[in-house]
Structure formats: C-alpha cells, structure tokens
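Enquirer: Here you go, one structure.
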Protein chains: 2
Amino acid sequence: MSEAAHTRPPTEGGSRRLILDHAARLLRGGGYHQTTLREIAEAVGIRKASLYYHFGSKEEIVEAVVNDGVHFVHEAVVAALAAEEGASPRVRLEAAVRAHLAALHGHGDYTSASIKVFTFGAAAVPESVRAVRRAYEDVWRGLIAEWQQAGGMPAGNSPDVLRLFLLGALNGSTDWYRPERHAIDALAREFVALLSPH
Amino acid sequence: MSEAAHTRPPTEGGSRRLILDHAARLLRGGGYHQTTLREIAEAVGIRKASLYYHFGSKEEIVEAVVNDGVHFVHEAVVAALAAEEGASPRVRLEAAVRAHLAALHGHGDYTSASIKVFTFGAAAVPESVRAVRRAYEDVWRGLIAEWQQAGGMPAGNSPDVLRLFLLGALNGSTDWYRPERHAIDALAREFVALLSPH
DNA sequence: CCTACCGATCGGTAGG
DNA sequence: CCTACCGATCGGTAGG
C-alpha cells in the first residue's frame, strides 16, 4: 500500500512513542530546561524541526511524558491492590508501597522524569497533569482511609498530612535509590514497619 | 579559599550578600537553569557583568546559596538539639524535625533554593556542597542512632534507609507546604507520631 | 562597578 | 520528515 508520509502520521504509534521514550530518558537526567529539543531529535535520529510534525511544542512533549509517568505508577499500584483485595490494610499498604517504588525505579524513565519535572516546575502545571496526579492521589486517599479505619493511624493525625509525607518520602527515593544497594522489597517492608512496628 | 577578585571587595559584605539574597529567591522559584545572571543582576540593581566583580561564575553564586541554605538548617537543628540536651530521644527527634521544617519554611529562600537546586542537579555536585550536606546528614545519623538505641526503631530496619526516607519526607514538604494551611508545630508532632504512636 | 560585545544555543517557523 | 533560517537569550569576556 502506498504511504502518505508527509501529510499524515505514517506509523502512528511508532515515531511518537520513540520520541517520548528518548524525551523521558533525557528529562529524567536533566529536567525541563536542561533538556533541549535538539538533544531529543538527535537521540531519535531526526532533525529538530521534525519533532513539530508529531508535537506542537516542547511543552506538549514534556506533558505527555509526565502524564504517562504518573499513569504508569497509578496502574501498577491499582493492579497491586487488586491482587491483595480483602487482605489486611497493612498488607495492602505494603503492596502499594512496593508497587510504587517498583514502578518508580523499574521502568523508571517516564516515572522519574515525571517527578523531576513536576517537582521542579512550581509555576505553570497544565490542567491535564494535575488531573492525572489527582486521580493517583485519590488511590492513596482511599488506602489511608482504610489504614485509619483499621486503627493504624495515631489519633490527632491528619490523613492528608500523612499522604503528603508518605508520597514525599517515596518519591524522594529517586534522589538516593541505587539498584545495587537497595532492594525494593526490603525498602517497602522497612517503610511500612516504620509506620506500624511489629 | 575564596576571596578571589583582582583588587579588593569594596563594601565587602554588603554587595555580596545582597546578590546572594536575590539569587536565593530566584533559584528557589526557578531552579538552576531557569535562573539567569541577568535576572539576578536586575534584581540587585546592577549590570550583569558586574556580578563577575564579586563572583567568578554562575556556578559560584549557586554554590554559595546552596551551601548557605544547608548550613542554615544545620545550625538551626543543632541549636534545637542543644536546647533539648538530656531529653528523651522522642522529644529530641521532634525538636529536630520541628527545627528542620521551621528553617525550611521560615527564612526559606536559601534553604528552599538549596533543595531545589540540589535535587535537580544530579550531575556535577561540587565537593564543597557535598561536604556541607554530609556534615548535616551526620547530625541525623547521630539522632537516629539515639532513636535506635532507645528502641524506637523496628528490628530489621536500616538506620540509613530511615534517614533517607525521613529527610525525603521533610524536604518534600517544599512541594506542598502552605503557611496558611499548615502549622510547623503540628506537622512536626504528627510526623514523629507516625514513627512512634502514643 | 560600567559599556560594549562575543560565540553558542535556545524554541520555533517557513516552505517544501 | 527535510533544509534553511529567525529573533531572543544565554554565560562570559575585554577593557576601562
């Protein structure tokens, strides 16, 4: 079949995903301002101007990476929770922590880039990004409500503050986690043990 | 071994500190790459080239801000601990957490800039910055050792991992802390309560 | 502390 | 997906 290469997206998913893959890797390492469209284009093997065939602007590329990153962690945690349905809040909490850390450090480019860019860009966070994040935070709101109801939380503590500290601690691991020095399973176990000692 | 300059600093402290004050404020908001020497110069009220009379490069300015920021938190925590000498490990831990959060969000420009820039710059962290940070981390190593010795830590948990999670959670508050919504005292109390429920 | 200027690089556009 | 090009801006330097 003949190709309409210069007018329509030729291999729809392919190029777009390839661009995002490289963008995610570069954003993870350098953040928003250090990562340039030229770098991304060179990594992909095309010219910089060609990126504008697939995306409208640099921000659009970054936004896609960030959203995919949050979405990926979200899905992983939801799947882990589904696998532990009916288990105790403590087991479920540990499963969620483990899934979050695994998603963060396993397939890491998108998720790490997401944290890096988001933490950094205090200014103008697009609504799409906030929506994706809020959806993920809701998962933790639910989990922490379970935890509280089961008596896991000290009286007088705010569930919101717990969630903020908790996600901060987990996401902060992008600054110090080294695969050769830390095991995800152990980190998750230790983390939950801090919140509820045996 | 600073004290560069071909001639001698004219009004020694004044200008230099003024530059760093504005640099800290701008770095806090924008991070390393978004903050430009022109912005800093304009805020101070001088020409960009004049910055080179006081500092050798952009990196030198950023480095000074980061080090001052970490140093400030360090001093605040050490002072708080000195005031609670002989108190229980729990009380001392809460005092340290409170002092850390207060330093972070109170006089915030230097400390927030420090976290922002450091979290961001995965690449080349100057030795001076690492030294200042390591010195501060040692304070927490000591505190956590106390905590562990008093039986506050679950068996099988690593003090290093606790410290990393703990500082990550506290420093992550720069992303969500709002003075009108959170009280430092309450945050510190809740934080310690999470680690050792009443 | 200034004026004047530098090469390098940025995101983005024109037009095919 | 390309070549060619744009104005804007970057950190830094010359020379006073």
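Enquirer: Which one of these does A:Gly14 not meet: (1) without any contact (Cβ under 8 Å) to a residue 12 or more places away in the chain; (2) under 21 Å from A:Ser112 (Cβ atoms)?
Expert: All conditions pass for A:Gly14, except number (2).
Enquirer: Against the condition free of Cβ contacts under 8 Å to residues at least 12 places away in the same chain and buried (at least 17 other Cβ atoms within 10 Å of the Cβ), how does A:Ala64 come out, does it pass?
Expert: no
Enquirer: If I go through the range A:29-47 residue by residue, how many of them are modelled with pLDDT of 90 or more and either more than 13 Å from DNA strand C (Cβ to nearest atom) or in contact with a Cys (Cβ under 9 Å, 6 or more places away or on another chain) (or both)?
Expert: Selection size over the range A:29-47: 2.
The values are calculated or read from the model by the stated rules, or taken from the named source; none is laboratory data. Remember, predicted model here, so these are calculated numbers, not experimental data. We place every Cβ from the backbone using ideal geometry, glycine too, and count neighbours over all the protein chains shown.
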